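Scroll down for the structure; my scribbles are underneath it.
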Amino acid sequence: MKTKLKKGKITMIITIGIACFALTLVMSMQFKIVNETDITSIENMREAELRSELANWKSKYEETNEKYEEITSKIEEYKKTRQSNEETGKLVEEELEQIDMTMGKTDVQGEGIEVTLKETSNEETSDINSDDLLLIVNALKSAGAEAISINNERIINMSDIVDITGAYIKVNGQRILPPYIIKAIGNQSYLESILVGNGGHVDKMKKLEQDVSINKSNKIKIPKYNKNIKIKYIQ
């Protein structure tokens, strides 16, 4: 019995000794590996990775920033182009309006005068004819009238004022009847003075006892030329 206990004890001691030896061997190997490992090399590898990652992010940032600046530049260019186009369009529109106004294609209003010519029952007084109207219109033009009409027929450069067989007058191809009302927009004093001053046609007509009157107004309304303007010979 005692021999058996001794043998068991010895076996246990041997087993424990072997386990301790194995443990010591493993720990010794681990210490050896740690000692043989270059810590600086690990740090250098980590630093290299960080530098590479930083360089990568820097490259992405610079690329993104470059695209941002490019897009911003294009937006500014589009804004300037749009603004320029809007300004150009506005100028063109204003010029077209000015051309239409000059050509008599728009209704206009402003200060000016109104000349009214009436036929009289006096047989000794000559009838009003197309020459009377034409002379007054030409005088008003020379005084700076910006717009003229006769019985609401707008006078333009190609307007015709003619007698038809001494029976009636045509303006712009339209028959008009007395009283003849000539409206003109412009400086009231200039317009009136050129007609009633010495040698003015209205002054001459009054001396012939024809019924002619002039009224000033700040709201002279003249309609647009309502026919098509046809150009045949200008190239």
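Annotations
- Electrostatic tally near GLY112: other residues with Cβ closer than 11 Å to its Cβ, Lys and Arg +1, Asp and Glu -1, net 0.
- Integer Hz, Karplus 6.51/-1.76/1.60 couplings in order for region 132-137, x for Gly and Pro: 4, 5, 5, 5, 5, 4
- Region 111-138 and region 181-216 have Cα centres spaced 10 Å apart.
- The charge dipole of region 108-222, taken about its Cα centre with unit charges on the Cβ atoms of Lys, Arg (+1), Asp and Glu (-1) only, comes to about 460 debye.
- Looking at region 106-160, the GluC sites (Glu not before Pro) that sit in a DSSP loop and have at most 10 other Cβ atoms within 10 Å of their own Cβ are GLU123, GLU124.
FYI, it's all coordinate maths here, none of it is from the lab. This structure is a prediction, so every number in the text was calculated from the model and none was measured. With ideal geometry, Cβ positions are generated from the backbone for all residues, glycine too; neighbour counts draw on all protein chains shown.
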